[in-house]
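Below you'll find the structure, written out as structure tokens, and then a few comments.
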Amino acid sequence: IEMLVILLVAAPLIIRVSSFTQSVGVRGQIICGNSPLPNTEVTIWENTSDPPTDGLATTTTDASGRFSLSATVNDPSFPMQVLRIYPSCSSDQAMLGVSTLCQREATYQIPASYVSLGSIVFNWYQMGTMNMQARQQNEQIHCTPNPLSVSNQYGYSNAY
């Protein structure tokens, strides 16, 4: 009887703690033109107003450009999850007007309906095939200065 009383008292606490655990999973394929884009970084982030420090989970695409990625969050506020892809279609960077010293970052919202309660993903978000040859709608470009760039007295820059 004592064990039954302990279980009845502890059960609501266990259920409450486990209900804060949420998981999300995303699958898809990344291509550049007609070719798969292997070794491309894909990361799940929390889309919060604070600047993010680390992604929740990161992987790279396989030789076919495919990825499967999941993350678990212990946050009762149910933050929106986003997927960020860091493609390098280097042959198309010039066509898009992007320097090779720049990193593209495409961000996609993961619908809340694909977030599962608990640590197991039950409903995977299937993104399908995404062609990174063209600039994406939610894309940002982050550039580092060219270390071989020299500014003249008029403020013009010559890259070598």
Across (1) open to solvent by less than 30 Å² (accessible area, probe 1.4 Å); (2) within 14 Å of Trp45 (Cα to Cα); (3) at pLDDT below 70; (4) out of contact with any Asp or Glu (no Cβ under 7 Å at 6 or more places or on another chain), Leu83 clears everything bar (3)
Cβ pairs under 9 Å, 6+ apart or interchain, first in the stretch 31-50 and surrounded by fewer than 12 Cβ atoms within 10 Å (Cβ to Cβ), second hydrophobic (A, V, I, L, M, F, W, C) and at pLDDT 90 or above, ordered by first then second residue, are Asn39/Ala63
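Listed here are the residues, each with its yes/no results for (1) part of a loop (DSSP other than H, G, I, E, B); (2) modelled with pLDDT under 90; (3) over 16 Å from the mean Cα position of the chain (by Cα).
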position	(1), (2), (3)
Val5	no, yes, yes
Pro12	no, yes, yes
Ile15	no, yes, yes
Gln22	no, yes, yes
Gln29	no, no, no
Val42	no, no, no
Thr48	yes, yes, no
Asp54	yes, yes, no
Thr58	no, no, no
In the stretch 100-134, residues that are over 12 Å from Val82 (Cβ atoms), assigned to a loop (DSSP other than H, G, I, E, B) and open to solvent by 30 Å² or more (accessible area, probe 1.4 Å) total 9
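The values are calculated or read from the model by the stated rules, or taken from the named source; none is laboratory data. Just so it is clear, the model here is predicted, and its values are computed rather than measured. Virtual Cβ from ideal backbone geometry, glycine too; neighbours counted across all protein chains shown. In case anyone asks, the SASA skips ligands and DNA or RNA and just uses the protein heavy atoms, side chains included. Shrake-Rupley method; radii C 1.70, N 1.55, O 1.52, S 1.80 Å.
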